[in-house]
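Following: one structure in structure tokens, then a few remarks.
The values are calculated or read from the model by the stated rules, or taken from the named source; none is laboratory data. These numbers come from a predicted model, not from an experiment. No Cβ is skipped: glycine too gets one built from the backbone with ideal geometry, and neighbour counts run over all protein chains shown. Remember, those area values only see protein heavy atoms, side chains included, never the ligands or the DNA or RNA. Shrake-Rupley method; radii C 1.70, N 1.55, O 1.52, S 1.80 Å.
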Protein chains: 2
Amino acid sequence: MKLGVSPDIIPSRGHEAKRVSIMDAASEVFCRESFAGANIDMIAAEAGVSRQTIYNHHGDKEKLFVAIVRDLTERCNAGIFATISTFPDQPKDLEADLIAFAVRMNRNCICNRDGKFLRKLIQTEGERYPELFAEWREQGPGRTWPAIAARFARLAHAGFLDIDDPDVAARQFLALANAELQTTFMLGGTPDEDEVLQSATHGVRTFLRAFGKRQPAANAGKQGALTNA
Amino acid sequence: MKLGVSPDIIPSRGHEAKRVSIMDAASEVFCRESFAGANIDMIAAEAGVSRQTIYNHHGDKEKLFVAIVRDLTERCNAGIFATISTFPDQPKDLEADLIAFAVRMNRNCICNRDGKFLRKLIQTEGERYPELFAEWREQGPGRTWPAIAARFARLAHAGFLDIDDPDVAARQFLALANAELQTTFMLGGTPDEDEVLQSATHGVRTFLRAFGKRQPAANAGKQGALTNA
DNA sequence: ACAAATTTAGACACTCTTGTCCAATTCGTC
DNA sequence: GACGAATTGGACAAGAGTGTCTAAATTTGT
């Protein structure tokens, strides 16, 4: 019933509409209740379809769950790569551009519905479905970290940063950008725009204090600007 | 019933032994299977007691769960405060001392059994038991972050660090120390000693590049040592 | 060794959930 | 409006899990 999830046309009625509606409701319920705690009637009610329709579409509870995870994994990875492609390779204002990138990363990949759901499902059910989440591991972290690291390496090579190990720097960059959101994430909350911006700003400032060029020569006053709140 | 409490002795048999055994098994099973997925027979089998004994001790499944969470929260907080008390207030070798502290923090509070279990239970069931985990939030993050921040503030005041906002610095310190363990945590794994040391080392080095005194005057060569791998 | 307390195994009633079947109804399309 | 496909709701059997009850066995304190 709502919009804005998939890039394709969303059928607002008919067979496909039910399918989408079921997937939406199932993600929600599986995340909220865990696999064992979720029941088909709940999902049916939330999706506004009859229980039988769910069985018609997906066969059984486990197949439905697998479909959900695959779907989320795919969409999340697409979102992450799309966001990585907006990495500031030729920054005009390094600090501002990195903050904006960190905010995009958080908003579009980590704090959004798909990101939140996938993260929770991995944490909750990851150990019980190793092969399913191994796929995520390879397609997700296994591919996205190197991609981000490559961007930082390029930025360093172009003289904007002073980085020894791009892989470590990439991990630390995101860790810093999220540092102040951890407690909220823990309890399944969604940080608001302000919190995301705050965390990203503080994180990027610290990142640049560590990896920024000591004296860019062009703007000597800049360094001072980084330290004041 | 009887004896004046002997606070220290751990009973290896008898009534109390069963109690401990049940708590251990229940933590394990609740974490692995989630509250809804766990069943009493599983816990009984894992604890080596009969199902009825569990009902005798704890009344019902939910009361058992609550007891587990309280127990874990209490022990974890104790561990965290004990570790905070080992913070290097008068460091001899700042980098080495902070790395050692970060490793202790990880080993004793985050990667150990209690930490891992509590984290997973909060992630999995936090939304369903708000009042229970609100307690954790107040006693845990609400008290430990300020405590750590105060230590960093003191270190800065003593001239070892150059910190604007101790709260932010404290959060970033731990975020950096854990940066390379996130993926492992996600799937419920336990990082080995090497990974913990690696992550802490890289994290502390970055932290000091950001917050270390630029030129401590006394040891000019030190700064160089921080930057090489 | 005796008495009290605790533990045990099994049976049990009850509830909840899954997944199937089916007849009636609605929907999409021509 | 008519036809085929999809959806619905309700009944249903089978299975699993909770929590209770009991009588017998075991452990504990003295």
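Label-to-label distances for A:E195 across copies, nearest first, come out at 2.7 nm, using points 7 Å from Cα in the beta-carbon direction. Average accessible surface for chain B: 48 Å² per residue, computed with a 1.4 Å probe over protein heavy atoms with every protein chain in place.
Once you reduce the stretch B:80-104 and the stretch A:146-195 to the center of their Cα atoms, the two points are 25 Å from each other. Near A:L197: Cβ cut-off under 12 Å, other residues only, Lys/Arg at +1 and Asp/Glu at -1. The net charge is -3. Within the listed set B:M42, B:M105, B:M186, the residue fluctuating most in the Gaussian network model of chain B (springs between alpha-carbon atoms under 10 angstrom) is B:M186.
Computed over the stretch A:4-113, the alpha-carbon pair-distance distribution with 10 angstrom bins reads 13, 36, 26, 15, 8, 1, each value a whole percent. In nanometers and ordered shortest first, the copy-to-copy spacing of the A:R154 label point, defined 7 Å from Cα toward Cβ, is 4.7.
Could you give the length gained on full extension between B:V20 and B:F81, defined as 0.36 nm per residue of separation minus the Cα-Cα distance, in nm? It would help to have the intermediate numbers written out before the result.
Working: separation 61, 0.36 × 61 = 21.96 nm, distance 2.34 nm.
Between B:V20 and B:F81, full extension yields an extra 19.6 nm.
Remark on the stretch A:11-70: hydrodynamic radius 11.2 angstrom, per the Kirkwood mean of 1/r across alpha carbon pairs. Using Cα springs under 10 Å in a Gaussian network model of chain B, which residue among B:L174, B:L98, B:L187 shows the largest mean-square fluctuation? Judging by the Gaussian network model, the answer is B:L187.
Residues in the stretch A:76-81 carry Karplus couplings, in order, of 5, 4, 4, x, 5, 5 Hz; the curve used is 6.51 cos²θ - 1.76 cosθ + 1.60 with θ = phi - 60°, and Gly or Pro positions show x. With one equal scatterer per alpha carbon and no solvent term, the Debye-computed log10 I(q)/I(0) for the stretch B:68-227 at 0.14, 0.19, 0.20 1/Å reads -0.73, -1.22, -1.32.
For chain B, modelled as a GNM whose springs connect Cα atoms under 10 angstrom apart, the maximal fluctuation among B:A156, B:A102, B:A26 occurs at B:A156. Spin-label model, A:K92/B:Q139: points 7 Å from Cα along the beta carbon direction are separated by 5.3 nm.
Using only Cα coordinates, the Kirkwood hydrodynamic radius of the protein assembly as shown works out to 24.2 Å. Annotated for chain A: lysine pairs at least 8 residues apart or interchain, Cα distance under 20 Å, count 9. With its label point defined 7 Å out from Cα along the Cα-to-Cβ axis, A:F81 lies at 5.1 nm from the matching points of the other copies, in increasing order. In a fully extended conformation the segment linking A:D194 and A:D41 would gain 51.3 nm over its present Cα-Cα distance, using 0.36 nm per residue.
Heavy-atom accessible area buried between chains B and A is around 3900 Å² (1.4 Å probe, both sides summed). With all protein chains in place and a 1.4 Å probe, the accessible surface of the protein assembly as shown carries 53 percent carbon and sulfur.
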